[in-house]
């Protein structure tokens, strides 16, 4: 079975099977020059942001208010935390990664870790959750106070992603 992979990079789309080729030379992305074992490996093709400001600026403008609101809620909850980029996502840390967030087409992803999802499960019932992640749709109000509480809990308990 052949699976099509589509990858966005600078407005261009690369397609391919994604199958590993036994004994084949590494595949080199024609856009960024990185090499991979698998042909047409899905990856971020471009310069990675070095700050949360750069991360937000690289997103579509209509997402900026949502991302800044999430950032500000976490910033108020964790005033002593350092802002950084980890795993290509905005991250708050203080000796360890406390919480991450990221922009997607239809939602903001929050990554507090599996224990936080369990701890706040009753209050997260109306949101899609996964292993250590929560999706807040742009089409609905984003619960900034809940995000702040989760961030404080992750910091105070040492339970983090």
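Points worth noting:
- Length gained on full extension, residue 123 to residue 54, computed as 0.36 nm times the residue gap minus the Cα-Cα distance: 21.7 nm.
- Here's the picture: a label point sits 7 Å out from the Cα of residue 80 along the beta-carbon direction, and within segment 126-156 the residues with their amide nitrogen under 19 Å of it are 148-156.
- With 0.36 nm allotted per residue and the present C-alpha distance subtracted, the residue 72-residue 35 stretch has 9.6 nm of extension available.
- Cα centroid of segment 46-111 to Cα centroid of segment 137-161, whole Å: 12 Å
- Fraction of antiparallel bridges per DSSP, segment 52-157 only, in percent to nearest 5: 100 percent
- Rg/Rg_ref, segment 52-157, where Rg_ref = 2.2 N^0.38 Å and atoms are Cα: 0.97
- Segment residue 64-residue 88, length gained on full extension (0.36 nm per residue, minus Cα span): 6.9 nm
We did not get these values from a lab; they are worked out from the coordinates using the rules stated. These numbers come from a predicted model, not from an experiment. Note that each Cβ is placed from the backbone with ideal geometry, even for glycine, and that neighbours are counted across all protein chains shown.
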